[in-house]
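Step one of this worksheet: look at the structure below.
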Amino acid sequence: MESIAINQSGYQIKRGRIEEITELTELEKLFRIVLPDDEALDHDPGQFVQVSLFGVGEAPISICSSPTRRDSFELCVRNAGRFTAALHQLKVGDEVGIRGPFGVGFPVVPLEGNDVLLIAGGLGIAPLRSLINFIIDNRRDFGKVDILLGSRDPESMLFCDELAYWRKRIDINFCCSVDRAAPEWEGNVGLITALIPGASLDPLKTIAVACGPPIMYRFVVDELLKKGIPESHIYLSLERHMKCGLGKCGHCQIHDVYCCQDGPVFNYSWVKKIKGAI
Amino acid sequence: MTQALIAKTKLADLVSFLALCGKVVGPVPLGHGQFKFAEVRSLAEMALDYIPTILPPKKYFMPQYETLLRYDGADGQQMQAVVEVEELVLFGVHTCDLAGIQCLNVVFSDRPRDLHYMIRKNHITLIGLECSDYCDSYASCAMLRNHLPKGGYDLFFSELSDGYFVDIKTQKGEQLVEESGLFEPVSDAAREQLQELRRAKKQIFRSEVPIRYQDIPRLFDETFDSDVWTRIGEKCLSCGNCTNVCPTCYCFDVMDEPDLDLTRGRRIRVWDSCQHETFAKVAGDESFREQRSDRKRHRFNRKFRYPMKRYKRMFCTGCGRCSRSCMAKIDLKETLGALMEERG
Ligand SMILES: Cc1cc2nc3c(=O)[nH]c(=O)nc-3n(C[C@H](O)[C@H](O)[C@H](O)COP(=O)(O)OP(=O)(O)OC[C@H]3O[C@@H](n4cnc5c(N)ncnc54)[C@H](O)[C@@H]3O)c2cc1C
Ligand code: SF4
Ligand code: SF4
Ligand code: FES
């Protein structure tokens, strides 16, 4: 058996150096990463990368920074298991492998000129943050912006500083809710779906983008449709198990579609037709 | 010359000639009516009259364990992508298995191309062999139109009374014919014999299930919610035998295999199976195909319906391996029959 070196492999990684680590909660850390020679990642909001640590493995992680901030990119990682735990042990200056960006992100072009309703559940705020900051950096290209955020409890809320900033901006309507909280909590308590009926929006001018745990989608979509938002104005980011990111390994397949290449963001009018998609 | 003849008496010489040039792989008997593809040095070691081998020739194109990268983590994340290749002649591949290899070709040459596969494939010479008779009751190659050669080989042999009719498809094949010096020009009588063989095949190979090829995807579309899936889901053991033996199943897992020093190692890909429960599980332990019935349905749809949309072909060759190897006796033709019955 002869071993040939190849340079154009889809499994080739780039060496990403960790510039900064921020502890967001007990479970989540934010990693700021730079590529060699300060190369820009050149991603669209909502795309993801395969992050690898040799000897441990690889996992798909959404890029949570906006492509308008080009000198580095950020990943928000929840300590969920073997790989992510190993990632959490890294220090500033350490390297990770990066493949990507992969997939089709949020529908930036259809969003332009329209009102935008962004709905994030839990860690779903991570990918949506790339879009939110993109919108903020190009604020004039978009109409009214509403952000609804749902979280398990106040302690697990991510990006608190930024949330406070979004809340303060007059050109953004920000609203959040927690599933449960101690009595001192002054904000909303209840599922994220409860925030939708109260949002004041022009359904035909609004494009809704949701990102969160799979269980959330059916309920969120119901509420959006009740508001009169057309099916074709709703976008969902679907999570699937992913190994290759290249449309081959089959893990992320939904019927004839590969989530890693054709998604993870899909229009609801497609999702609706596909049994088992949400 | 796009066609040639080789006398039966010279076939042994051809195999010896090939073995002199490099590694030759062919169908080898294992006893109990079973066969496998393995290295051979002479014609005598092979059984050219064989039914589908336990594992398909997929194992040479997409090895069960395949190194993608060699890494060294001593100084950051350093690695080199590699492909492990071996010059190989695959001798005696039936039309169903040629179709299986063509399916893999389509997937791995689709963008983004998989260079690991593409490079390895270039090192393999394919010599096909026509079946004149049916393998067994598990086969359904005629239903899937894979009982006749449709390309995908360098050379293709069809058995005549005292020789083989050889179709030459590629330059590699032509070179082999010339360099071996064992072939002769085709005669009219040989052409006539080949036509006779194909006429006879028309009688022997008929669609095994009363459905037209072009109607199969719709059958699966219309029976997505069928009870048949529940019934076979109850029988299935989730062992993954059916996917391992399938010539067109290409799903894989990617993992690291560290050396003992834990800083160096290999990133490999290994065969994986959509029949395993963990295959589609995501964070939060949510699974989109939790039930065995969901997973069986997925596999069947992945053979007969989904790839039609994406790759314009079915990913079942009709080899019958899945039915032959299923411990729960889940049979592909029976399943098709049950779906047709249910749809009415
Ligand atoms: C498009 C996409 C974007 C993602 N973005 C983020 C993100 O921004 N931040 C974040 O923390 N997590 C994200 N995830 C989830 C993350 O990839 C998994 O949680 C991670 O792979 C778990 O790896 P582990 O080895 O630490 O955990 P394990 O112990 O192996 O598993 C923990 C859980 O994660 C699931 N999982 C394991 N491997 C994968 C995989 N390859 N793909 C998907 N799920 C897997 C398991 O089924 C299990 O439920 C994303 C997943 C996808 C598909
Ligand atoms: S071989 Fe049979 S029992 Fe095993 S996973 Fe396939 S269908 Fe199920
Ligand atoms: S599904 Fe079964 S019959 Fe069809 S190619 Fe795969 S193993 Fe052969
Ligand atoms: S992650 Fe491998 S096919 Fe999508």
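In this label model, A:Asp179 and A:Lys273 are separated by 3.4 nm, measuring between points 7 Å along each Cα→Cβ vector.
Residues in the range A:148-154 carry Karplus couplings, in order, of 10, 10, x, 9, 4, 8, x Hz; the curve used is 6.51 cos²θ - 1.76 cosθ + 1.60 with θ = phi - 60°, and Gly or Pro positions show x. Using the Cβ-Cβ distance between A:Asn7 and B:Cys21 with R0 set to 35 Å, the FRET efficiency from 1/(1 + (r/R0)^6) comes to roughly 0.75. Placing unit charges on the Cβ atoms only, positive for Lys and Arg and negative for Asp and Glu, gives the range A:1-85 a dipole magnitude near 180 debye about its Cα centre. For B:Asp154, what is the net charge nearby, where nearby means another residue's Cβ is under 9 Å from its Cβ and Lys, Arg count +1, Asp, Glu -1? Value of the local net charge: +1. For the pair B:Leu148 and B:Phe224, the difference between a 0.36 nm per residue extended length and the Cα-Cα distance amounts to 24.3 nm. Sequence-ordered 3J(HN,Hα) estimates for the range B:66-79 from the Karplus curve with 6.51, -1.76 and 1.60 and θ = phi - 60° stand at 9, 6, 9, 9, 10, 10, 9, x, 5, 10, x, 8, 10, 7 Hz, glycine and proline given as x. Close amide-amide hydrogen proximity is noted between A:Phe174 and A:Ile147, each under 5 Å apart and 5 or more residues distant or on a separate chain (H modeled in the peptide plane; Pro and chain starts excluded). Each helix, a run of at least 4 DSSP H residues, gives -39500 (n - 2.57); summed and divided by the residues of chain A, these come to -5000 deg cm²/dmol at 222 nm. A Förster distance of 25 Å, applied to the separation of the beta-carbon atoms of B:Ser137 and B:Cys239, puts the FRET efficiency at 0.65.
With distances taken between every two different alpha-carbon atoms, the protein assembly as shown has a Kirkwood hydrodynamic radius of 27.1 Å. What's the center-to-center distance, using Cα atoms, between the range B:92-156 and the range A:182-222 in Å? The distance from the Cα centre of the range B:92-156 to that of the range A:182-222 comes to 52 Å. Under 5 Å between amide hydrogens, built in the peptide plane, is the criterion, and for B:Val93 it picks out B:Ile127, B:Gly128, B:Leu129 among residues at least 5 positions away or on other chains. Under 5 Å from the amide H of B:Arg264 lie the amide H atoms of B:Gly73, B:Asp259, each residue being 5 or more positions distant or on a separate chain, with H modelled from the backbone and absent for Pro and chain starts. Length available on full extension from B:Arg113 to B:Asp188: 0.36 nm per residue minus the Cα-Cα distance, which gives 22.7 nm. Select from the range A:144-216 those chymotrypsin sites (Phe, Trp or Tyr not before Pro) which occupy a DSSP coil region and have at most 12 other Cβ atoms within 10 Å, ordered by residue number. Sites meeting the loop and neighbour criteria: A:Trp185.
Taking label positions 7 Å along the Cα-Cβ direction at both A:Arg15 and A:Ala85, the computed distance is 2.9 nm, reported to one decimal. Out of the chymotrypsin sites (Phe, Trp or Tyr not before Pro) in the range B:189-230, which ones are loop residues according to DSSP with at most 16 other C-beta atoms within 10 Å? Qualifying residues, ordered by number: B:Phe224. Model label sites at B:Val106 and B:Asp215, defined 7 Å from Cα along the beta-carbon direction, differ in position by 2.2 nm.
In the protein assembly as shown, a dipole from Cβ-located charges (positive for Lys and Arg, negative for Asp and Glu) runs towards its positive end, and of A:Gly97, B:Ala283, B:Gly128 it is B:Gly128 whose Cα lies farthest in that direction. Counting Cβ atoms of other protein chains within 10 Å of each residue's Cβ and taking the mean over peptide A:50-57 gives 6. Listed values for the range A:246-261 are Karplus-derived 3J(HN,Hα) couplings in whole Hz (6.51 cos²θ - 1.76 cosθ + 1.60, θ = phi - 60°), namely 10, x, 10, 5, x, 4, 9, 5, 10, 6, 8, 10, 9, 4, 6, 10, and x replaces Gly and Pro.
Using Cβ point charges alone (K and R +1, D and E -1), the dipole size of the protein assembly as shown about the Cα centre works out to roughly 1540 debye. In a reduced charge model with +1 at each Lys and Arg Cβ and -1 at each Asp and Glu Cβ, the range A:146-253 shows a dipole moment near 460 debye about its Cα centre. Counting only other chain Cβ atoms within 10 Å of each residue's Cβ, the peptide A:252-262 averages 4. Within chain B, the percentage of alpha carbon pairs spaced more than 25 angstrom apart rounds to 57%. Remark: mean inter-chain Cβ contacts per residue of B:285-292 equal 3, using a 10 Å Cβ-Cβ cutoff to other protein chain atoms.
Every number here is computed from the coordinates shown, using simple stated rules; none is lab data. What you see is a predicted model, and the numbers here were worked out from it, not measured in a lab. Quick reminder, even Gly has a Cβ in these numbers, built from the backbone with ideal geometry, and neighbours come from all protein chains shown.
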